[in-house]
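Working notes for the structure below.
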């Protein structure tokens, strides 16, 4: 169902209640439903060299972009050019733009909202137009709308979000829709202290209500339940959900003050001197009349707000565009700062496997370089009041000890020798591929030591956790076994100082079952990233689970 569909990134041990992370940069690498899909168009087989333009698109529009670029003038054999299109959640691209080298970045970026590039201050970005648009609406069931009397008279934003109908606010770290909806409440109420209070009340009401994900809320609407929660989504998500179900029980509620829109800007990244003609061809294709028509056929509006080709009751969407509710980007940033105060900080000890098996090929590099890049992207997204430390481990890495501490756990905004903790961590993360150590993997001894260290360094004002990333199994025959580890974790558990383990199994050889058992013993979660494309998604989801 639209953006909330399942992905190949598999989350395990889901015993953590998802939190409404109240800042657009809270969390870390890899997004909810952010699996990567690639299309390669054009071959250039007869050319001495082929210009490649890298295009990164919000997942819900990526298939449309792939089709457009496959037939685009200027991208084909005769042009010695081709396009590579990847679907990626915008928050992941924001992290990449802050952390990765130019050669690893897209030439063209199509996020769902201009709110994302508006947060980038250290990359050359130029908006060249819009590929599509979709108003932000409140989705729920037709039965709920009838019961609430909204079929005859639409509610205001504040009225809808502060009413008795359950409300699900998407993770603001990853959802432009959720952020736009809260910005709409503030704007509709005229700004100021009263409007800010209304936004806070809406967020707190969502947190106090029944635990449900946006996908759960949409499913309840599709099923026609009269208690289906309200969830801020794009109009296109309502369209896609009804099309996928073959029903029309999910409807879009258009508040009377109007709606902000996702505007899907087509953004040039950098100067692209190595593929300038191909980039120009891609931009032309993505902003063309054909793109407008393709977007409407896929349930979006075009850049001028013309409705989807089959808008109407069957798809739960309306033909006339709602009046536009413009959001002030500066006010949105101010709102985020206020909302972030509601979120408790996190204290994370990150523990990375540096055994030689991390040299195995993965994507365009190795598992070690993949882990390095994912972690550095994560670091760019984590707020300054998060405390993060870094260990690495293998087998007898430091004498008879399997692990070594690279960076003690400190708040990212802390100055360390004249540099912030964030920069110290970034520098050490960049050295991971150079630290690979021959021998096995001391997974169990390291995990126990890390939990003990995190408990000794416990912060009662924060969510305390240990994140363990490994591509192997425990190979330390002289250390504790799994049963002993689980028993010790249970015996040493302190309800007053809880420390949960978040396990990430990288590649097919990692012992996911052991990580699941360890996570279960500590109230944590375990994740699998078998495909290299999964790692960002998995790691992001793992780090943002802080409940």
In the range 264-301, which residue that is surrounded by fewer than 20 Cβ atoms within 10 Å (Cβ to Cβ) and assigned to a loop (DSSP other than H, G, I, E, B) is farthest from the chain's Cα centre (by Cα)? 288
What's the number of the only condition in (1) in contact with a strand residue (DSSP E or B) (Cβ under 7 Å, 6 or more places away or on another chain); (2) in a helix (DSSP H, G or I); (3) surrounded by fewer than 18 Cβ atoms within 10 Å (Cβ to Cβ) that residue 93 fails to meet? (3)
Would you mention how many residues in the range 232-291 are out of contact with any strand residue (DSSP E or B) (no Cβ under 8 Å at 6 or more places or on another chain) and assigned by TED's automatic domain parsing to the domain that holds residue 177? 9
Test residue 445 against the criterion of being farther than 29 Å from residue 98 by Cβ and surrounded by 14 or more Cβ atoms within 10 Å (Cβ to Cβ), and give yes or no. yes
Residues of the range 396-410 being modelled with pLDDT under 95 and either touching a strand residue (DSSP E or B) at 6+ places or on another chain (Cβ under 6 Å) or crowded, with 19+ Cβ neighbours inside 10 Å (or both), in sequence order, are 397, 398
Which condition number does residue 508 fail, the rest of (1) in a loop (DSSP other than H, G, I, E, B); (2) surrounded by fewer than 17 Cβ atoms within 10 Å (Cβ to Cβ); (3) modelled with pLDDT of 95 or more being met? (3)
Looking at the range 149-162, can you tell me whether even one residue there is crowded, with 24+ Cβ neighbours inside 10 Å and under 30 Å from residue 279 (Cβ atoms)? no
Just to check your reading of the model, which residue among 428, 484 is modelled with pLDDT of 95 or more, farther than 24 Å from residue 515 by Cα and surrounded by fewer than 22 Cβ atoms within 10 Å (Cβ to Cβ)? 428
Being at pLDDT 90 or above, touching a strand residue (DSSP E or B) at 6+ places or on another chain (Cβ under 6 Å) and within 25 Å of residue 103 (Cβ to Cβ) is the requirement here; does residue 393 meet it? no
Within the range 44-68, can you find the residues that are in contact (Cβ under 8 Å) with a residue 40 or more places away in the chain and closer than 13 Å to residue 275 by Cβ? 51, 52, 53, 54, 55
Out of curiosity, is residue 440 in contact (Cβ under 8 Å) with a residue 40 or more places away in the chain, over 21 Å from residue 390 (Cα atoms), assigned by TED's automatic domain parsing to the domain that holds residue 378 and in a loop (DSSP other than H, G, I, E, B)? no
Checking residue 329 against (1) touching a helix residue (DSSP H, G or I) at 6+ places or on another chain (Cβ under 6 Å); (2) surrounded by 14 or more Cβ atoms within 10 Å (Cβ to Cβ); (3) touching a residue at least 12 places away in the same chain (Cβ under 8 Å): exactly one of these is not met. Which one? (2)
Within the range 125-136, is there a residue that is closer than 30 Å to residue 249 by Cβ and part of a helix (DSSP H, G or I)? no
Which of the residues spanning the range 219-239 are crowded, with 18+ Cβ neighbours inside 10 Å and over 18 Å from residue 306 (Cβ atoms)? 219, 220, 221, 222, 228, 229, 230, 231, 232, 233, 237
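The values are calculated or read from the model by the stated rules, or taken from the named source; none is laboratory data. None of the values given here were measured: they were computed from a predicted structure. Quick reminder, even Gly has a Cβ in these numbers, built from the backbone with ideal geometry, and neighbours come from all protein chains shown.
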